[in-house]
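Trainee: Let me give you the structure first, and then I'll get to my questions.
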Amino acid sequence: MTKKEYETYKSIALKICKNDEKTEDLLHDVLIQLSNNIMFTGLTGSQKTFFFVKSISNQYYSNNSYFYRQYKKFQYGELYNTEQKEEEYEEKPTLEWVQEELEKELKNNGDFWYNKGLFEMYMKHKKLETLHKLTTIPKYSIRQTIKEMKLWLNKKWDEHGKIG
């Protein structure tokens, strides 16, 4: 490659890359790749220029090109605020607390036995399929009861947090 061709390619690269500081790195990478490309070496002057323009613009603007992965993906010059905000610790209910709440509700509401029993089985077995096989209760009903119980317990826990 002659000095004149190199200067032409460099000026084209500077225009395409809008005078980016990494333009020369891209230029040299593309020239090395093209020098090993049989199709490029077999072209004439203006065809080579067109091929070069297309290659360098694809490399510069693509988000999955070699140039992007190598040079543009990580911006090391930028520092972000690394200070983390403090989060309040949220205490979670214990199994003992859940059992106490279920027992209290059963004492206050005699019709609560079904929800309490099903939820205790759910805590023990953890799978709806197992509960369905043990009780022959439809899965939809089990799922609905477990959902209601979780909402009820969350509400009780929120009330407990306001009181305690």
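Every number here is computed from the coordinates shown, using simple stated rules; none is lab data. Since the structure is predicted, the reported quantities are computational estimates derived from the model, not experimental observations. Neighbour counts run over all protein chains shown; Cβ positions are idealised from the backbone, glycine included.
Trainee: Tell me the label only: which of [x] 36; [y] 60; [z] 66 is percent of Cα pairs over 22 Å apart as calculated from this structure?
Mentor: Answer label, from the structure shown: [z].
Trainee: Nearest 500 deg cm²/dmol is fine: what mean residue ellipticity at 222 nm does the chain get from its DSSP H runs of n ≥ 4 alone, each adding -39,500 (n - 2.57), divided by its residue count?
Mentor: On the way: 8 runs with 108 residues, N = 164.
Value at 222 nm, helices only: -21000 deg cm²/dmol.
Trainee: Mind pulling the angle between the C-alpha long axis of helix 139-163 and the longest principal axis of the chain? Nearest 10 degrees, somewhere in 0 to 90.
Mentor: Value to nearest ten degrees: 90.
Trainee: Further question: For the chain, build the charge dipole from Cβ charges (+1 Lys, Arg; -1 Asp, Glu) around the Cα centre, then report which of PRO138, GLN70, ILE12 sits farthest towards its positive end.
Mentor: The residue sitting farthest along the positive end of the dipole is ILE12.
Trainee: So how tilted is helix 45-61 from the main axis of the chain? Cα-based, degrees 0 to 90, rounded to 10.
Mentor: Long axis of 45-61 versus the principal axis of the chain: about 20 degrees.
Trainee: Which of the listed residues, THR44, HIS28, PRO93, is farthest toward the dipole's positive end in the stretch 25-125, when Lys, Arg count +1 and Asp, Glu count -1 at the beta-carbon?
Mentor: Result: THR44, furthest along the dipole toward the positive end.
Trainee: Among THR23, THR49, THR136, THR41, what is the fewest-to-most ranking by other Cβ atoms within 10 Å? Let's see the in-between values first.
Mentor: Numbers: THR23 18, THR49 15, THR136 7, THR41 10.
Fewest-to-most ranking of THR23, THR49, THR136, THR41: THR136, THR41, THR49, THR23.
Trainee: Taking the Cα centre as origin and putting +1 on Lys and Arg beta-carbons and -1 on Asp and Glu beta-carbons, what dipole magnitude results for the chain, to the nearest 20 debye?
Mentor: Magnitude of the dipole: close to 1000 debye.
Trainee: Also, I was wondering about something else. Could you tell me the relative contact order of the chain? Use alpha-carbon pairs under 8 Å, at least six residues apart, and round to a whole percent.
Mentor: On the way: 73 pairs, mean separation 20.0, N = 164.
Answer for the chain is 12 percent.
Trainee: Further question: Against the longest principal axis of the chain, how steep is helix 3-16, in degrees 0 to 90 to the nearest 10, with axes from Cα atoms?
Mentor: Around 30 degrees separate the two axes.
Trainee: Something else: List the lysines whose alpha-carbon lies under 28 Å from that of LYS133, not counting same-chain residues fewer than 8 positions away?
Mentor: The reachable lysines, counting only those whose Cα sits under 28 Å from LYS133, are LYS116, LYS124, LYS147, LYS150.
Trainee: Using the crude model of +1 on Lys and Arg Cβ and -1 on Asp and Glu Cβ, and no other charge, please compute the dipole size for the stretch 95-163 relative to its Cα centre, in debye to 20. Mind dumping the intermediate values first?
Mentor: Numbers: 14 positive and 11 negative charges, 74 e Å.
Here the size comes out at about 360 debye.
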